[in-house]
Structures are given as C-alpha cells and as structure tokens.
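S.K.: Before we start, here is the structure in question, set down as structure tokens.
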Amino acid sequence: MTKAGKKVLAELTGANAVGPFVSVMLNTHVAHQDVEKDQIKFKNFAKEAKKRFEKKYPDKNWNTYQEKIDAILADQSFWRSGQTSVAIFLSEEQTVVHRMNIPIDDQYYVGDMPYLLGVIKNGQFNYTYYLLALNRDSLKLYFVDNQQVTPVELPEGAPVDVPTALGEELTGGSLNYRTLGSLSGSNKEGVAYHGVSAKDEEVAIDWKNYYQAVDIFLREDFDNPENYPLYLFALPENQTMFKKYAKVPFFSSEVAISASPASLSTQDIAAQIGEVAKQRAEKEIAAYQKLMDKKFMDQLVDIVPAAKEGRISHLFIATSNLVDGFGEDPDTEYDRRQVLNTMADYVVKNGGEVFILDQADAPDEKSLVAILRY
C-alpha cells in the first residue's frame, strides 16, 4: 500500500478517530460541467447523510459536519483534481480527504466507523517507491506515491552524470561524450563516445566506476528513512551492470522497467510505471495462494467474531461482495458493505491486513476468506 494510503488508514483507525463518521465516495472530473455535477452529487449526499445522521444520532449536533461540508463545496480548487476519485471522511474533530486512482461507486455512509473499503481497494497493488532512471552515463531519481511521479531534487555533487561522479578519475582522461537519445529503431541509448582515448575497455571501466559511484551515493548520502524500495528503469545491460556492483540495502532487482529512460519527461516516466505495479502484483498474488496452507475461515458468520477478537492476520474480500444489500427490512439500514467494512476496521485496528481483490486473484478464488493467526 502507498504511503498516503497507510497514513489515511492510521488516521481513521487510530485512538483519536472518534465517530460518528460521515464518509462520502465520489468519482471526480475536470471538465467544468462535470465538476458542477460532482458538486451537486456531493451536496445531495450531504442532505441524505443529514437525515440519516439525525435519525441515528439524535443527541449529536449536525452543525459541525455541515460547516465542513460547506467549506468543501466552496473550495473550487478541491473540485479540480486530476485524479479519478476522492474519499471524504468527516467527524466532529476530523476532516480527512484521500485522492484515489480507481473508479468507485458514488456512495455515502453514516456510522460509528469510517467507510474504509474504498481506501483499501485503492491501495491494493498501489505502491510507494523510488525509481532510478539509469542510463550508462547519467541518472534521474523519482519518488512514486499513489501513482503520482515526482522528480527528486538531488544535492549538488550527486552523481547525476559521469563527469560529476568521476571527474579526473575518468580512465580516458580526456573522454568526451554526448547523449543523442534513443536511436531510431533501436533500444540503444545512443551515447556517442569520442576522443583520444575512448577505447571500448576504457569506456567499460568508466561505466563500472560510474555505477559504483551511484551506489556509494545512494548508500551513504541519500536519505530514505522509510526504507522505500528502489527499482530500476534501465536497459537490460545497464540493469545487469548495476546489479553487479550495487550494495544499496533498499535496492530491489525483483521488479524493473526494461527500457531506456534517456530523454524521457516526467510525464513519459509516469506512463511507464504501470509495469512496476504489474510485476509486483503478480508476485503478491502468488504469495496470497500460499496463505491457504494456514488455518482459514470462509464464512461470514465465522469471520465477523474472529475479526472483533483480533484473530485474523489477513482478510481477503472479493469485489463481487461490494454490492448493495439491505436485507429484508430496509428501514434498519442494514448494508452488506457496512458489515464488511466493520470487519475490515477490526482487522486493521488489530494489526492485520485487508485486501480487496478481483475474485480471480483471491486465494483459491474465494469471495471471502480470512487467514487466522491461531
């Protein structure tokens, strides 16, 4: 899960998260007419939420919630985000907004707990990491969180290219180079070496020395207190060379984008990061299947009390469960999603993990399964 997703879950399940909560999930748009429709939908949800709130909590004051809602409606910048959807959580003390990158069902809930399932679904196969765009003679570093790609501003003297990293240590001494970008019809980076001592073996030595300098910088001078993984965006031969010498503890070679990042813009880089999510997701899904070797439950009636008792380490909910369901008496406001959400809340609060997957990706393709701690 992303840094942003973990932060929101911590806020909404921590000791300071005290209900009642009004939770609103909305798909969002950027076109003017669609933005107006989003605002109207939010306003209508707020009206319905007020009715439900006053019915469920007659001793509570709605005014604080209405003030927060009015502030959101009046904030034009709030409605012009480029992301796909938004989750809004309101309590007397909190206003928590989480931008998401998945389409969701437009919905609202009023209850003792916030509605977490949308945040959890958004966090599934959505990661926080560093991406090293590495060429043979230069690099750029990016931070990726919630599918947003941000260039990392490196300090002066960082090994952003060969001359900065090696200086007088260049084997060829007077080696000159220029980056031409990817050659047409080729996966080569198009680095043209020329000069009085630009021999292949000398270039190879400088290549090695440069990557060692990059490794030293990342190990000794780059601050990564959260220990986010570092993945490569590089041609296969550059990946092979870097892996040969890299000793960075947070570098992972299990996932990589095998292409040349030379001359790519941040927007171009962002268009490629889906490959990282795809590779990581495949590995995670394979690991989920192995959990079925442990003791598990797959019936709702058994899972609910186990979640409350803190006995569940992993809870898997298939998206097929996320349908409206009000039971035989709609006036009781029973909703199957609320039951699933309550289970998820208990599991998270007790240190477990919750996953919302397509059924084909769930362990044994079960629609609901809980892996037990004991």
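S.K.: Which whole-number percent is the relative contact order of the stretch 199-294 (Cα, under 8 Å, 6+ apart)? Each step should come with its number before you reach the end.
M.R.: Details: 64 pairs, mean separation 24.5, N = 96.
Across the stretch 199-294, relative contact order equals 26 percent.
S.K.: Counting each DSSP H run of 4 or more residues in the chain as -39500 (n - 2.57), what helix-only mean residue ellipticity at 222 nm follows after dividing by all residues, to the nearest 500 deg cm²/dmol? Could the numbers behind the result be given before it?
M.R.: On the way: 11 runs with 136 residues, N = 374.
The helix-only estimate for the chain comes to -11500 deg cm²/dmol at 222 nm.
S.K.: Please compute P(r) over all alpha-carbon pairs of the chain, binned at 10 Å starting from zero, and give each bin as a whole-number percent.
M.R.: For the chain, the binned pair fractions read 5, 20, 25, 21, 15, 10, 4, 1, 0 percent.
S.K.: Under a 1.4 angstrom probe, counting protein chains only, how are S85, S252 ranked by accessible area, largest first?
M.R.: Correct descending sequence by accessible area is S252, S85.
S.K.: What accessible area per residue, rounded to a whole number of Å², is obtained for the chain using a probe radius of 1.4 Å?
M.R.: 50 Å²
S.K.: Under 18 Å Cα to Cα from K349, which aspartates and glutamates show up? Leave out anything in the same chain fewer than 8 places away.
M.R.: Straight-distance partners of K349: E11, D112, E309.
S.K.: Now for a separate question. Exactly which GluC sites (Glu not before Pro) in the stretch 259-297 are in a DSSP loop and have at most 12 other Cβ atoms within 10 Å?
M.R.: Passing sites in the stretch 259-297 do not exist.
S.K.: Once each part is reduced to its C-alpha centroid, what is the distance from the stretch 203-249 to the stretch 95-147 in angstrom?
M.R.: For the stretch 203-249 versus the stretch 95-147, the Cα centre distance is 26 Å.
S.K.: Can you list the aspartates and glutamates whose alpha carbon is less than 16 Å from that of K247, not counting same-chain residues fewer than 8 positions off?
M.R.: D215, E220, D221, D223
S.K.: In addition: Filter K295/K366; K121/K278; K47/K68; K308/K366 down to the pairs with a C-alpha to C-alpha distance above 18 Å, please.
M.R.: Cα-Cα > 18 Å for K308/K366; rest within.
S.K.: State the percentage of accessible surface on the chain attributable to carbon and sulfur atoms; use a 1.4 Å probe and exclude ligands, DNA and RNA.
M.R.: Carbon plus sulfur share of accessible area: 47 percent.
S.K.: In nm, to one decimal, how far is the modelled label at A15 from the one at I216, with both set 7 Å along Cα→Cβ?
M.R.: About 4.7 nm, to one decimal.
S.K.: GluC sites (Glu not before Pro) within the stretch 39-133: which are DSSP loop residues with at most 12 other Cβ atoms inside 10 Å? Walk me through the intermediate numbers first.
M.R.: Working: sites: E48, E54, E67, E92, E93; in loops: E92, E93.
Taking the stretch 39-133 and a limit of 12 other Cβ atoms within 10 Å, the loop GluC sites (Glu not before Pro) found are E93.
S.K.: Right, another one. Among the DSSP beta bridges whose two residues both lie in the chain, what percent are antiparallel, rounded to the nearest 5? Kindly include the intermediate steps, with their values, before the conclusion.
M.R.: Details: 39 of 52 bridges.
Given both bridge residues lie in the chain, the antiparallel proportion sits at roughly 75 percent.
The values are calculated or read from the model by the stated rules, or taken from the named source; none is laboratory data. Remember, it's a predicted structure, so these values are computed and weren't measured experimentally. Note: ideal-geometry Cβ built from the backbone for every residue, glycine included; neighbour counts use all protein chains shown. Quick note on the areas: whole protein, heavy atoms, side chains included, nothing else; ligands and nucleic acids left out. Shrake-Rupley method; radii C 1.70, N 1.55, O 1.52, S 1.80 Å.
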